[in-house]
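A short reminder: the numbers here are calculations on the coordinates, not readings from a lab. Keep in mind that this is a model prediction, so the values were computed, not measured. Neighbour counts are summed over all protein chains in view; Cβ atoms, including those assigned to glycine, are modelled from backbone coordinates with ideal geometry.
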Amino acid sequence: MTSPVTYRTGTFVVDVRENRLVQVIGTTEDDDRVQVRRPGGGLEWEVPPTALRLATREERNTAGLRPYQTGCTRCAELEAARQAAATGDDSYASRRATADALTHWVMEHCLREGRP
């Protein structure tokens with residue numbers, strides 16, 4: 001028997017029972033349920049892990065979610081640098097700024113347990 005997929009805190013997932021985009025905020029002590037809430041806050045509820053799937057990029061974008069909207073100062077700085085580089089003629093600088101922003105997002109917000 002395989003274990004259900006677990007998601008890190010801060011991950012956006014879809015509660016397939018209601019087709020609702022939610023954000024993981026934790027798990028119960030026995031890890032048999034995932035605690036979620038709507039993006040931006042609100043009431044929290046618990047969901048069995050089997051009722052969740054990872055939200056697609058399209059679903060996150062449609063909901064207006066962007067990595068730099070986390071309240072992280074560094075994310076905001078990197079997004080500003082990315083936008084500035086995108087308006088210039090240097091395609092390498094533009095790609096580099098995008099990579100820097102994405103790398104920060106993954107390393108600081110997706111791969112660290114317990115961090116939003």
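For this structure, a couple of remarks:
- ³J(HN,Hα) computed for each position of region 81-91 - Karplus, 6.51 cos²θ - 1.76 cosθ + 1.60, integer Hz, glycine/proline x: 5, 5, 5, 5, 5, 5, 8, x, 9, 8, 5
- Student exercise, region 1-60 dipole from Lys, Arg, Asp, Glu Cβ charges, in Debye to nearest 20: 320 debye
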